[in-house]
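Below is one structure, written out as structure tokens, with a few remarks after it.
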Amino acid sequence: MFQDNGFAGKGLSVNATTGDGLSDLRIYGFNDKTSSISIIRGRWTFYRDINFNGPLVTLTRGRYSSPGAAHIPNDTVSSLLRVAP
């Protein structure tokens, strides 16, 4: 995940097994700051609120260079969960 469009700005790498994720991006200084996403493996659900509440979208492997490409409003992700390998 990146703070700016086009995979620029501050980045946060997440490596989790299925059923695991980050329940509160505030801990990492990344709450409501995601503008682009690169997924190397797995399927992930991104949430509007902490503790996996308010699902925004589920994405699979790919590069999403802007909020529009990921079908999410800019700077709204607060938690994420890997839902499939």
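Bear in mind these aren't lab numbers, they're just calculated from the coordinates by the rules spelled out. The structure displayed is predicted, hence computed values, not measured ones. Reconstructed Cβ throughout: ideal geometry from the backbone, glycine too, with neighbour counts over all protein chains shown.
Set the Förster distance to 25 Å, then compute FRET efficiency between residue 49 and residue 69 from the Cβ-Cβ distance, nearest 0.05.
E(calc), rounded to 0.05, equals 0.65.
As a test of the formula, what do you get for the chain when each DSSP H run with n ≥ 4 contributes -39,500 (n - 2.57) and the sum is divided by the residue count, at 222 nm and rounded to the nearest 500 deg cm²/dmol?
After summing the helix terms and dividing by the residues of the chain, the value is -500 deg cm²/dmol.
Taking 8 Å as the Cα distance limit and 6 or more residues as the minimum spacing, I'd like the relative contact order of the chain as a percentage.
38 percent
List the residues whose amide H sits under 5 Å from the amide H of residue 48, counting only those 5 or more places along or on another chain, with H placed 1.01 Å from N in the peptide plane.
Correct list: 56, 78.
Just to confirm a number: summing +1 for Lys and Arg and -1 for Asp and Glu over residues other than residue 67 whose beta-carbon lies under 14 angstrom from that of residue 67, what do you get?
Neighbourhood net charge equals 0.
Given 10 Å bins starting at zero, what is the percent of C-alpha pairs of the chain in each, up to the one with the largest pair distance?
Each 10 Å bin holds this share of Cα pairs: 21, 60, 19.
Tell me, in nm to one decimal, what length is gained between residue 17 and residue 58 on full extension, where the rule is 0.36 nm per residue of separation less the Cα-Cα distance?
Between residue 17 and residue 58, full extension yields 13.2 nm more.
Sort 50, 37, 27, 72 by Cβ crowding within 10 Å, fewest neighbours at the top. All intermediate terms of the calculation are to be shown ahead of the outcome.
On the way: 50 16, 37 23, 27 10, 72 20.
With the sparsest Cβ surroundings first, the list reads 27, 50, 72, 37.
Given springs between every Cα pair under 10 Å in a Gaussian network model of the chain, which of 58, 18, 45 has the largest fluctuation?
Looking only at 58, 18, 45, the largest GNM fluctuation is found for 18.
If each residue's Cβ is checked for other Cβ atoms within 10 Å, how do 52, 46 rank with the fewest at the top?
52, 46
Rank the residues 60, 34 as a footprinting-exposure proxy: fewest other Cβ atoms within 10 Å of their Cβ go first.
Fewest-to-most Cβ neighbours within 10 Å comes out as 60, 34.
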